[in-house]
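The values are calculated or read from the model by the stated rules, or taken from the named source; none is laboratory data. Since this is a predicted model, take the numbers as computed values, not measurements. Positions of Cβ are backbone-derived with ideal geometry, glycine not excepted, and every protein chain shown enters the neighbour counts.
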Amino acid sequence: MKCAQAENLIPLFVGDDLAPREADALRAHLASCPQCEARAAEFADSRAWLQSLQPPAFDDLRGAVLGAIQAEPPRGGWFDRRRAPRWALLAACLLLLAGAALFMRRGPAPKPAPDLTQVARPEPPLPESRRIDPPRFDPPTPRRAMPRRHPAPAQPSPTPADLATTSDEMLRIEMQTEDPNIRIIWFAPKPGASTNPK
Amino acid sequence: MVEEQKNREEARDATAQLIRRAQAGDSTAFDQLVLAHQRRTLALAWRLLGNAEDARDAAQEAFLRAFRHLGRFDASLDFAGWFYRIIVNACNDLARKRGNRFSSFEAALESGALAEPASPRDTESEAMAAQEQTRILKALAQLTEKERAAIVLRDLEGLPTEEVARILGSSPTTVRSQISSARTKLKAFREKR
């Protein structure tokens, strides 16, 4: 063991706070190093000095303690007997709060969801006029229908809508939201269809 | 050694009996518990807080807390360890209430309230001893709150490191480090004459 290592261990060694193996190693070092041995002796003296600290004599505390206990509100037995109902009341309040929060989050009873099986059939591609729409579907505005009615003459790039109606590998799902101007159209690869481009 | 362990076990059994009686509503049993533990409680509070007045307040609060929670204490467990935690917490709370512990310790040092004043009848050697006591308290005041708690419980209360760690809610490794640091600082202070 080196002196630097010993220096770190000596403060714990003097109070018997080292593991036996470390203490043995340090003891062997102290036996061969007078400087570290002197340092250990100084630490031992300092510890003995601290332990010479004697508290002053205090008056009997019992009178003050018993006085303080008697001045306490009657919590002991009273509190214990009523602890269960208090917890029950707290639990009931929490349940009520949770129920109210759940009710507010759900809002009014939801409208029946559209039957997706009716709209999730992309093939065979239906002509525009025969497309099955949800009951509250508003016909698309002329502006939205314009690109399809007036396609670009030279090799138009297919829109997702065209893909849905022309591709055998795509699945198209349409949902009409409560807002008649917002319609959600969802394209996804048809299950089982190859994803590799032909 | 065997005799000492036997005495300790007898004391623990006697304490457990007192606790059971106090839990059953015997007020004299709690009075006896206070009588049995007040000296050690006051000494620990004084070493942690550095002045007699705060020590008395903290010790009284510790007994009051013990009384409030005694109904839930398992009498077969170690009462001393449980009560040490209460005392240390009561001291911490009191120190917090009065600013912080270190400053209250320092203020007490500056006002000279830490050491009992030597009476005119004291001999020279007694006066020197009182002076040395004040120096030790000053040395303790140089430590951080955690170092002071660790060194007081380990070197002055004589508790094992693992027990000190349990009381302070730390790991034994942390407590060892605090003890090592505290011993180094105390030695340096002592050498600084």
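Annotations for the structure displayed:
- Annotation: of all residues in the stretch A:16-39 being hydrophobic (A, V, I, L, M, F, W, C) and within 11 Å of another protein chain (Cβ to nearest Cβ), the one that is surrounded by the most Cβ atoms within 10 Å (Cβ to Cβ) is A:L18.
- As a summary of the residue check, B:K6 satisfies the conditions (1) closer than 27 Å to B:E147 by Cβ; (2) exposed (fewer than 14 other Cβ atoms within 10 Å of the Cβ); (3) away from chain A (no Cβ under 14 Å) except for the one numbered (1).
- Long-range neighbours under 8 Å by Cβ, at least six apart or interchain, first residue over 12 Å from A:G15 (Cα atoms) within the stretch A:44-60, second in a loop (DSSP other than H, G, I, E, B): A:P56/B:E116
- Candidate set from the stretch A:1-15 (those that are under 14 Å from A:A38 (Cβ atoms) and assigned to a helix (DSSP H, G or I)); member that is farthest from the other protein chains (Cβ to nearest Cβ): A:C3
- Every residue from the stretch B:26-61 that is part of a helix (DSSP H, G or I), more than 9 Å from chain A (Cβ to nearest Cβ) and surrounded by fewer than 17 Cβ atoms within 10 Å (Cβ to Cβ): B:T28, B:A36, B:R40, B:E53
- Screening B:L77, B:L18, B:L64 for residues that are among the hydrophobic types (A, V, I, L, M, F, W, C), more than 25 Å from B:A141 (Cβ to Cβ) and not in a helix (DSSP H, G or I) leaves exactly one candidate, B:L77.
- Among the criteria (1) surrounded by 14 or more Cβ atoms within 10 Å (Cβ to Cβ); (2) modelled with pLDDT of 75 or more, the one B:R101 does not fulfil is (2).
- Among the residues listed as B:A66, B:A11, the single one being in contact (Cβ under 8 Å) with a residue 12 or more places away in the chain and under 24 Å from A:P55 (Cβ atoms): B:A66
- Restricting the stretch B:174-193 to residues that are more than 7 Å from chain A (Cβ to nearest Cβ) and among the basic types (K, R), the residue that is nearest to A:L12 (Cα to Cα) is B:K185.
- B:E157 satisfies every condition listed in (1) more than 17 Å from B:A80 (Cα to Cα); (2) within 11 Å of chain A (Cβ to nearest Cβ) except (1).
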